[in-house]
Amino acid sequence: MIEAPQALEAETALLYIALSSPEAIPEVLAAAPPRTFFRLGNRKMLEAMSGLHSRGAPVDTISLSHELQIRGELGACGGREAIASLWESSAATENLTHYAALVRQAWAARERVHIGQDLVNGAAVDSAAARSLAARLSDLESAAEGSNHAATAWAAAGMSGTDLAQASLPA
């Protein structure tokens, strides 16, 4: 079986940056929204950090553990040990855009597979559905490349503000 495209080290690097420099959380979210993360636990951690940050709460290992426990997601993230292990990363904040690009590229590759599966499953029989899939693929490429119009590209690829709080890709 072929392994799904992923960039787990880059996901961990982004989580470390968000945890060690909470002021960078909006930039992390803009560059690689939770939906683009492959590992469900990583998505949940970033969403929880985003929630803490948006409420003006401290973003640290204790607050993050507590937030995930309240949400009932601490186990899905790997527990307190997984949160503590983020500190083992040697990621540099100045490399945030590079790490985010790796995560987006892996997400885009997974999405291309989903679009291909939709085509194989008969969506192309209907020409309107085929055009919709082609448009989705085009928008996906813009979002994955991190174009200058990233917000528009994310929205066109189906990533609204709600998507930042909800992960919809399979784990």
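The values are calculated or read from the model by the stated rules, or taken from the named source; none is laboratory data. The structure displayed is predicted, hence computed values, not measured ones. Counting neighbours? That spans all protein chains shown, and the Cβs are built from the backbone with ideal geometry, glycine included. All accessible areas refer to the heavy atoms of the entire protein, side chains included, with ligands and DNA or RNA removed. Shrake-Rupley method; radii C 1.70, N 1.55, O 1.52, S 1.80 Å.
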- Looking across segment 6-20 at residues that are small (G, A, S) and part of a helix (DSSP H, G or I), the single one that is surrounded by the fewest Cβ atoms within 10 Å (Cβ to Cβ) is S20
- Query: From the set of residues in segment 21-62 that are of a type in the set (V, I, T) and farther than 25 Å from A108 by Cα, which is surrounded by the fewest Cβ atoms within 10 Å (Cβ to Cβ)?
  - Reply: I62
- What pairs can you find where one residue is in segment 69-85 and over 14 Å from L52 (Cβ atoms) and of a type in the set (D, E), the other is open to solvent by less than 60 Å² (accessible area, probe 1.4 Å) and at pLDDT below 95, and their Cβ atoms are less than 6 Å apart, with a gap of 6+ or different chains? none
- Task: Specify which of the listed residues (E3, E81) is open to solvent by 20 Å² or more (accessible area, probe 1.4 Å) and either within 20 Å of A144 (Cβ to Cβ) or modelled with pLDDT under 95 (or both).
- Result: E3
- Quick check, is A135 at pLDDT below 80 and farther than 18 Å from I2 by Cβ? yes
- Query: For the subset of segment 63-77 comprising residues that are of a type in the set (G, A, S) and more than 17 Å from the chain's Cα centre (by Cα), which member is surrounded by the fewest Cβ atoms within 10 Å (Cβ to Cβ)?
  - Reply: G72
